[in-house]
């Protein structure tokens, strides 16, 4: 077996003896955290006997302006290490180290032998490392297998928990789809899109009528989210819990929602005031960032809905990479005043717009037309900010002024 496994990986720490080390990269001496392998005698002799060449001349015999880069000598710790590699007395100053190294060379062959005891030590450490690496590789792979088993157990537990929540919804006639409602290429923008509630069919409203009226508390809550389509399609990005938090603004102009769905996260803002009763469907716009490079996503196509089912349950749809459904179950929290978070959610919402998008894009890829600074952009016309006006006046502008877009 080689010093590493079939993937070229090293598992063991280097082994050492008498100031020499052997690791995955070979036999070396370490001086003040600098590692130096043995330089072959031919290369070492050329380095020790190097002399500066005469300057390059022009055709006219004058010194040319452009000269080869100057010779850069190796540092003192390099020469100290070579003395040890060749079994010589170690001198820490560069002039002394170079002097004694050169004196050890055979003038005729221009070579220097490696002492037998150092070669034997190198072979001994190499074998010791090989055995240590086999043992370390075995331990690592056993730990990986155990970690995989534990992850599978945790995933199974999580899947059972998700299935239990979905079954709880299904028991009252609310079935959450595992596939996309529509693919990303199946949209035709419709002025009446907001009036279409995919989750408020006749059977759903009939079932909702049996739920208890704990509605107000459900508007100011955190919800654990189950989104089968997202969790099936992007399992690597939705492995942890996905959830959302919501609260009306101070004057109940809008319902604001902070969400983290793993592969995408951001802020939702209702298109109208918060709902008044169980069974109401709230339509919202949302702005957010995708995982990975954090690319912003926003615009009139970023829509969705939430239906408040009562008894700490919600059902929703969201348009992103198609359109999908999700279910939410209320997470009990004590002494949390969620409305205090709304101001921060608004700031995050305002920070995701065409100008910020272009600024981030130019920062990532270069080029583009945007050269401004949006760091201080905000208006006071909000029911959680000082000043007069309403959220509708402020946020419905949607920050498209630069593009002459029609406000939503």
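So which of 116, 126, 141 ends up being within 22 Å of residue 36 (Cβ to Cβ) and surrounded by 11 or more Cβ atoms within 10 Å (Cβ to Cβ)? I'd like the intermediate steps shown before the answer.
Numbers: 116 fails: surrounded by 11 or more Cβ atoms within 10 Å (Cβ to Cβ); 141 fails: within 22 Å of residue 36 (Cβ to Cβ).
Sole residue among the options that is within 22 Å of residue 36 (Cβ to Cβ) and surrounded by 11 or more Cβ atoms within 10 Å (Cβ to Cβ): 126.
Just to check your reading of the model, which residue among 118, 134, 153 is assigned to a helix (DSSP H, G or I) and within 32 Å of the chain's Cα centre (by Cα)?
Working: 118 fails: within 32 Å of the chain's Cα centre (by Cα); 134 fails: within 32 Å of the chain's Cα centre (by Cα).
Selected residue: 153, the only one of 118, 134, 153 that is assigned to a helix (DSSP H, G or I) and within 32 Å of the chain's Cα centre (by Cα).
Which of the residues that make up segment 253-280 are within 21 Å of residue 162 (Cβ to Cβ), in a strand (DSSP E or B) and touching a helix residue (DSSP H, G or I) at 6+ places or on another chain (Cβ under 7 Å)?
Across segment 253-280, there are no qualifying residues.
Only one of 60, 97, 107 is buried (at least 18 other Cβ atoms within 10 Å of the Cβ) and without any contact (Cβ under 8 Å) to a residue 24 or more places away in the chain; which? It would help to see each step written out before you state the result.
Working: 60 fails: buried (at least 18 other Cβ atoms within 10 Å of the Cβ); 107 fails: buried (at least 18 other Cβ atoms within 10 Å of the Cβ).
Among 60, 97, 107, only 97 is buried (at least 18 other Cβ atoms within 10 Å of the Cβ) and without any contact (Cβ under 8 Å) to a residue 24 or more places away in the chain.
This table checks each residue for (1) within 25 Å of residue 128 (Cβ to Cβ); (2) surrounded by 11 or more Cβ atoms within 10 Å (Cβ to Cβ).
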site: 9; (1), (2): yes, yes
site: 37; (1), (2): yes, yes
site: 51; (1), (2): no, no
site: 102; (1), (2): no, yes
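Please go through segment 205-229 and give me each residue that is more than 22 Å from residue 274 (Cβ to Cβ) and either modelled with pLDDT of 85 or more or in contact with a helix residue (DSSP H, G or I) (Cβ under 9 Å, 6 or more places away or on another chain) (or both), ordered by number.
226, 227, 228, 229
Among 309, 250, 244, which is more than 24 Å from the chain's Cα centre (by Cα), touching a residue at least 60 places away in the same chain (Cβ under 8 Å), under 16 Å from residue 349 (Cβ atoms) and not in a helix (DSSP H, G or I)?
Answer to the selection: 250.
Is segment 32-46 home to any residue that is within 47 Å of the chain's Cα centre (by Cα), in contact (Cβ under 8 Å) with a residue 60 or more places away in the chain and either farther than 24 Å from residue 120 by Cα or part of a helix (DSSP H, G or I) (or both)?
The answer is yes; a qualifying residue exists.
Assuming residue 283 fulfils every condition listed in (1) modelled with pLDDT of 85 or more; (2) part of a helix (DSSP H, G or I); (3) surrounded by fewer than 19 Cβ atoms within 10 Å (Cβ to Cβ) apart from one, which condition is it?
Status for residue 283: all satisfied but (2).
Considering segment 63-89 alone, what residues qualify as being part of a helix (DSSP H, G or I) and in contact (Cβ under 8 Å) with a residue 40 or more places away in the chain?
77, 78, 80, 81, 82, 84, 85
For segment 286-305, what are the residues that are at pLDDT 85 or above, part of a loop (DSSP other than H, G, I, E, B) and either surrounded by 15 or more Cβ atoms within 10 Å (Cβ to Cβ) or in contact with a helix residue (DSSP H, G or I) (Cβ under 6 Å, 6 or more places away or on another chain) (or both)?
Answer for segment 286-305, where residues must be at pLDDT 85 or above, part of a loop (DSSP other than H, G, I, E, B) and either surrounded by 15 or more Cβ atoms within 10 Å (Cβ to Cβ) or in contact with a helix residue (DSSP H, G or I) (Cβ under 6 Å, 6 or more places away or on another chain) (or both): 298, 299, 302.
The values are calculated or read from the model by the stated rules, or taken from the named source; none is laboratory data. Only a predicted model underlies this, so the values are computations on that prediction, with no experimental measurement involved. Every residue, glycine among them, receives a Cβ derived from its backbone with ideal geometry; neighbour counts consider all protein chains shown.
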